[in-house]
Amino acid sequence: MALSTSRAVAALIAVAVTGDAWAAESPCPSQEAIAAELQRLPGSDAAPLARSQVTVEGHTLRIVLRDSAGGVLGVREVEAPRECRQRAAVAAVVLAAWSHTWQDTAPPAAPPPPAPRRLAELALQGGAHDDGRRLAPGAAVLAGLQLLGPLGGGVVADIATGRDQDLGAGTVAYSVLRVGAGLVYRAERGTRWLDGGLFLQMVRVAVTPRDLPGARAAALWGGAAQARVRLGLSWRSLAPFLCVGVGRRFVRDRLTLDDDPGTTELPPWDVELGLGVALLFGRGNR
């Protein structure tokens, strides 16, 4: 009788161990069973299952839903049916309904920031030029493009109208045209802005004789460098500004007459003061 009892106890222990091993190897419900039930549901896929964890604790079926980074979005607990297939069906229904609800209520993803737009400008300017001897009215056309951060490039063409210069027994009138390009550094604070640039220029000095019989007009070509500083305000796409420029020609131009040993030298310096307005492109209204 004792032997039979020992055999019965050993059999029960073996069954318990075998059952525990089977349970450890085959959870109830299994991921495969839940995936199969999800496929039977209309409009569902296995995506929620890949981000979920389904466990059974006593009589409770516990479902944890996670996001793509592994964070817990929420937990659902329902009564666990006895059969594994029923548990898989319940888990599939909860996952499908819950994932749709989460997608509907989740805030939309923020749109990507717009690509920065390069600032470009086209400006007109009027003002006065002083070469150390005489004043002359002038005008300029400027164009600029932002290249990298506050650094940009610019092109400028300006003209100073005719001024008189004594030569021999008469006078000559000369006007100066400059065309050049250079680098510009721009700083802004609110609607106020300041920029400064250094330009290399090609210069044409047109000389026209007056009261000098037999003298002919001439054009003198050379190079120059000019520094320009502007201070302005931005309003929507317009930007009025004040400009100060200082330039110097690389070569001193001398005028002579064939029948007169006297010569005269044109001043190489030019100081410019002007007012202008720029049309801005690539910037939203302020």
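Worth a mention:
- Seen from residue 177, the other residues with C-beta closer than 15 Å to its C-beta sum to a net charge of -1, counting Lys and Arg as +1 and Asp and Glu as -1.
- Straightening the chain between residue 206 and residue 157 buys 16.1 nm, computed as 0.36 nm per residue apart minus the Cα-Cα spacing.
- The trypsin sites (Lys or Arg not before Pro) found in the stretch 135-235 that occupy coil by DSSP, while having at most 13 further C-beta atoms within 10 Å, are 216.
- Residue order, fewest to most surrounding Cβ atoms within 10 angstrom, among 174, 185: 185, 174
- When the square roots of the Cα gyration tensor eigenvalues are ordered a ≥ b ≥ c, the ratio a/c for the stretch 120-281 is 1.5 or more and a/b exceeds b/c, which makes its shape prolate.
- Stretchable slack from residue 169 to residue 28, in nm (0.36 nm times residue separation minus alpha-carbon distance): 39.1 nm
None of the figures in this text is laboratory data; all of them are computed from the coordinates on show. Here the structure is a predicted model, which is why all the values come from computation and not from measurement. Glycine also receives a Cβ, built like all others from the backbone with ideal geometry; neighbour counts cover every protein chain displayed.
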